[in-house]
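Enquirer: Got a structure here, written out as structure tokens. Questions coming.
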Amino acid sequence: MKFFIDTANLAQIQEAQDLGILDGVTTNPSLIAREGIKGNVNIKQHYIDICNIVDGDVSAEVIATDFKGIIKEGEELAKLHPQIVVKVPMIKEGIKAVKYFYNKGIKTNCTLVFSASQALLAAKAGATYVSPFIGRLDDIGESGIDLVAQICHIYELHGFETQVLAASIRSQKHIIQCAAVGADVVTTPLAPILELLKHDLTDEGLAKFLEDHAKNNS
Ligand code: G3P
């Protein structure tokens with residue numbers, strides 16, 4: 001399973017990269033806004049800066065919602081760096097654009113996916129990644145992880161190559177649940193990645209080992 005970090009914060013991306021476990025980055029307009037980056041030139045430079053930190057795919061989202069606009073923006077984004085994946089919203093014009101980009105050999109991430117039917121369409125159109133938002137489904141009393149499992153099952157059954165990229169991850173538990181149901185990728189903020197490291201017994205055990213070592217060598 002690949003680990004992507006879901007942020008536009010360069011320091012956090014670098015921290016995850018330094019851990020040696022990072023396979024890529026996802027961003028969205030809200031995450032870009034959170035970093036205070038404004039204007040097309042600055043935003044594009046920021047995507048390039050991210051690509052220069054990590055080795056893998058970096059999702060950059062289009063703002064346009066009409067076919068021509070999505071194509072224009074997506075082609076500009078794809079030209080920025082070979083690691084850029086064009087992130088396209090799950091709307092009718094978006095699906096047409098995903099197919100267009102597929103035919104051009106441009107990678108896509110179909111985002112804002114909340115149902116298996118939407119995921120099926122994204123795969124049919126040739127999306128490289130599909131992004132079900134699991135935390136936001138949990139927020140409305142549905143099960144995000146059940147949706148990830150259902151999409152994985154359908155893709156496996158029919159041999160779709162689209163990778164299931166579980167997004168809107170809120171906790172270490174979400175990451176483990178995604179791993180258990182066969183998600184190809186999880187994209188998560190830095191905190192849940194760091195939570196994976198933690199166990200009280202590890203901390204207690206290490207403290208005891210160090211204490212005993214100190215005794216032996218005093
Ligand atoms: O990758 C999608 C993600 O950024 C949304 O997360 O926590 O805003 O639902 P969240």
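The values are calculated or read from the model by the stated rules, or taken from the named source; none is laboratory data. Bear in mind the structure is a predicted one, so any value in this text is a computation, not a measurement. Glycine also receives a Cβ, built like all others from the backbone with ideal geometry; neighbour counts cover every protein chain displayed. Heads up: the accessible areas ignore ligands, DNA and RNA and are worked out on the full protein's heavy atoms, side chains in. Shrake-Rupley method; radii C 1.70, N 1.55, O 1.52, S 1.80 Å.
Enquirer: Would you list the helices (runs of 4 or more DSSP H) that sit entirely within the stretch 1-59 and hold 3 or more residues that are within 16 Å of the ligand (Cβ to nearest atom) and open to solvent by 60 Å² or more (accessible area, probe 1.4 Å)?
Expert: Counting at least 3 such residues, we get 29-34.
Enquirer: Any idea which residue in the stretch 175-194 is nearest to the ligand (Cβ to nearest atom), counting only those that are surrounded by 17 or more Cβ atoms within 10 Å (Cβ to Cβ) and farther than 17 Å from T111 by Cβ?
Expert: Applying the filter and picking the extreme gives P192.
Enquirer: Which condition from (1) closer than 23 Å to I95 by Cα; (2) within 16 Å of the ligand (Cβ to nearest atom); (3) open to solvent by 30 Å² or more (accessible area, probe 1.4 Å) is the one that K68 breaks?
Expert: (2)
Enquirer: Here is a follow-up. Any residue that is within 15 Å of the ligand (Cβ to nearest atom), farther than 19 Å from Q118 by Cβ, open to solvent by 10 Å² or more (accessible area, probe 1.4 Å) and in a helix (DSSP H, G or I) - is there at least one of those in the stretch 80-103?
Expert: Within the stretch 80-103 (the criterion being within 15 Å of the ligand (Cβ to nearest atom), farther than 19 Å from Q118 by Cβ, open to solvent by 10 Å² or more (accessible area, probe 1.4 Å) and in a helix (DSSP H, G or I)), the answer is no, since none of the residues qualifies.
Enquirer: Also, quick follow-up: Report every pair of residues separated by at least 6 positions or lying on different chains whose Cβ atoms are under 6 Å apart, first residue within the stretch 36-49 and at pLDDT 95 or above, second open to solvent by less than 40 Å² (accessible area, probe 1.4 Å) and not in a helix (DSSP H, G or I).
Expert: I43/I37; H46/I37; Y47/A60; I48/H81
Enquirer: When you go through F160, F209 one by one, which is the residue that is more than 17 Å from the chain's Cα centre (by Cα), open to solvent by less than 100 Å² (accessible area, probe 1.4 Å) and among the aromatic types (F, W, Y)?
Expert: Within the list F160, F209, the selection yields F160.
Enquirer: Right, next: Give the stretch 135-171 a look and list any residue that's more than 13 Å from the ligand (Cβ to nearest atom), farther than 21 Å from I95 by Cα and among the small types (G, A, S), or say none.
Expert: Residues satisfying the conditions are G141, S143, A149.
Enquirer: Counting only residues that are among the small types (G, A, S) and free of Cβ contacts under 8 Å to residues at least 24 places away in the same chain, which one in the stretch 162-196 is nearest to R136 (Cα to Cα)?
Expert: Across the stretch 162-196, the extreme among qualifying residues is A191.
Enquirer: Is it true that T111 is within 15 Å of the ligand (Cβ to nearest atom), closer than 18 Å to D23 by Cα and either at pLDDT below 95 or not in a loop (DSSP other than H, G, I, E, B) (or both)?
Expert: No.
Enquirer: How many of the residues making up the stretch 129-154 are of a type in the set (S, T, N, Q), free of Cβ contacts under 8 Å to residues at least 60 places away in the same chain and open to solvent by less than 60 Å² (accessible area, probe 1.4 Å)?
Expert: 1
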